[in-house]
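Notes follow once the structure below has been shown.
The values are calculated or read from the model by the stated rules, or taken from the named source; none is laboratory data. Please read these numbers as outputs of a predicted model, since none were measured by experiment. Here the Cβ is made from the backbone with ideal geometry for all residues, glycine too, and neighbour counts use every protein chain on show. Areas reflect the complete protein model, heavy atoms only, side chains present, ligands, DNA and RNA absent. Shrake-Rupley method; radii C 1.70, N 1.55, O 1.52, S 1.80 Å.
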Amino acid sequence: MNKIKNNIFDDPILKIVIVILILMFFIGTPRMNDINFTTIISLFTMMMLVSIIKYLNILKFFSNYIINISHSTRQIVSLMTIFSFLGSMLVTNDIAIITLVPLYIEIAYTQKLSIPYPVTLITIASNLGSSVTPFGNPQNVFLLSFIN
């Protein structure tokens, strides 16, 4: 637990976000109505489900399957990018990213692969795929529910 606490407080991105948050308090007053708690709870639940899947070694099963059907590193990255593109057409791009990035990281650790570039490709493919269908992008779902 102490290791997690040290990692959280040593994270440079968290420090940058805290500085931006403090600056935003001087620029404008935030309101509770500005926060969409339904979306936050939905994404948190999805991250918890991915953690449970990882704990149950289901993530390891799928990563081994992808490794076994692939013949090269390029094919692994291509498969993950295609899964991201097609998956984000069916679910939102956020859910595709939250689901596929941990899967790729599991593969990367077992195969000693690079992480930043393929994760960037997965993210770009997810955003492009979500723009193909109206329900693939969470902003479109929000706008549709707001209009109706």
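Observations on the structure shown:
- Rounded percent of accessible protein surface that carbon and sulfur make up, the chain, 1.4 Å probe: 72
- Spin-label model distance (nm) - Leu128 vs Met48, 7 Å beyond Cα toward Cβ: 3.5
- Virtual spin-label span in nm between Phe26 and Leu86, 7 Å along Cα→Cβ: 5.1
- Per residue, the accessible area of segment 1-132 comes to 73 Å² when a 1.4 Å probe rolls over the protein heavy atoms.
- Oblate is the label for segment 16-62. Its Cα gyration tensor axes, ordered a ≥ b ≥ c, give a/c of at least 1.5 and b/c at or above a/b.
- The relative contact order of segment 9-148 comes to 24 percent, based on Cα pairs under 8 Å that sit 6 or more residues apart.
- HN-Hα J in Hz across segment 22-38 - Karplus 6.51, -1.76, 1.60, θ = phi - 60°, x for Gly and Pro: 5, 4, 5, 5, 7, 7, x, 8, x, 10, 5, 5, 6, 9, 9, 5, 4
- Its DSSP H runs of at least 4 residues, each contributing -39,500 (n - 2.57), put the calculated 222 nm mean residue ellipticity of the chain at -25500 deg cm²/dmol, to the nearest 500.
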